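K.L.:
Would you mind keeping the following structure in view while I ask a few things?
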Amino acid sequence: MEFMLKRAFVAKKLLNITFQRVVRLIKKLWRYKMPKFSAKSIANLESCDCRLQAIFNYVIIYHDCSVLCGHRGKDEQDRDYNNGKSKLKWPFSKHNKIPSQAVDVVPYPIDWDDMERFDRFVKFVKMTAKTMKTPIEYGADWGWDYPHFELA
C-alpha cells in the first residue's frame with residue numbers, strides 16, 4: 001500500500017511539473033505576436049483598391065511592413081512632385097484615384113540601406129499578387145521608386 005501511495009505521489013508530482021512546463025511554453029508563445037499594421041498603416045491601406053488591401057493584408061501575416069501612402073490628394077501629390085518623390089503631377093498618378101490604385105509599402109522596421117531585405121519583401125509581395133491573380137507593378141522595376149506598388 002505504501003508503495004502505491006509513493007507511486008501516486010510521484011506520478012502527481014511529474015504531472016504537475018509537466019503541466020507547469022506546458023503553461024510556461026504557452027506563455028512564451030503568447031508573447032510572440034504576429035506582425036500587424038499600425039493605425040496609420042491601416043488608414044493608408046483603407047484608401048486603396050480592395051485588391052491591394054487583400055494582397056497586403058495577407059503579406060502582413062508573414063512580413064512586418066508599414067504602409068506609407070495610399071491615396072494622395074492634390075496638395076500632397078504636388079508636394080511630392082516638387083520634392084522629387086513623384087514624377088507625375090496631379091491627377092495623373094495612380095495614387096490620385098479613388099480608391100487608390102497604388103500604395104507605398106516598406107518592410108518594418110524601415111532601413112532604406114538594406115536592399116536584400118527589400119528584395120525578399122518584394123519577391124513575397126509579387127508572389128502573393130500572382131497567387132491572387134492580381135497583376136501588379138513594382139516601382140523599383142522602373143529604377144527609382146522602391147516602396148511603390150500599383151495595379152497593372
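K.L.:
Distance check, please: which entries in Lys94/Lys126; Lys85/Lys126; Lys74/Lys97; Lys74/Lys123 exceed 21 angstrom between their Cα atoms?
P.N.:
Violating the 21 Å limit, Cα to Cα: Lys85/Lys126; Lys74/Lys123.
K.L.:
Sticking with this structure for a sec: Can you list the aspartates and glutamates whose alpha carbon sits under 18 Å from that of Lys40, skipping same-chain ones fewer than 8 residues off?
P.N.:
Within reach: Asp49, Asp64, Glu76, Asp104.
K.L.:
Continuing with the same structure: Considering only DSSP states other than H, G, I, E and B, which chymotrypsin sites (Phe, Trp or Tyr not before Pro) in region 60-152 qualify as loop sites with at most 15 other Cβ atoms within 10 Å?
P.N.:
Passing sites in region 60-152 are Phe92, Trp112, Trp144.
K.L.:
For Asp113, put the label point 7 Å out on the Cα→Cβ axis and report which residues of region 129-147 keep their amide N under 20 Å from it.
P.N.:
In region 129-147, the label zone of Asp113 (backbone N under 20 Å from the point 7 Å along Cα→Cβ) covers 146-147.
K.L.:
Short version: ³J(HN,Hα) in whole Hz for each residue of region 113-130, in order, from phi by Karplus 6.51 cos²θ - 1.76 cosθ + 1.60 (θ = phi - 60°), x for Gly and Pro, what are they?
P.N.:
Once θ is set to phi - 60°, the couplings for region 113-130 become 8, 8, 6, 4, 5, 4, 4, 4, 4, 5, 4, 5, 5, 4, 5, 4, 5, 5 Hz.
Values quoted throughout were computed directly from the atomic coordinates according to the rules given, and no laboratory measurement underlies them. Everything numeric in this text was worked out from a predicted model, so none of it was measured. Note that each Cβ is placed from the backbone with ideal geometry, even for glycine, and that neighbours are counted across all protein chains shown.
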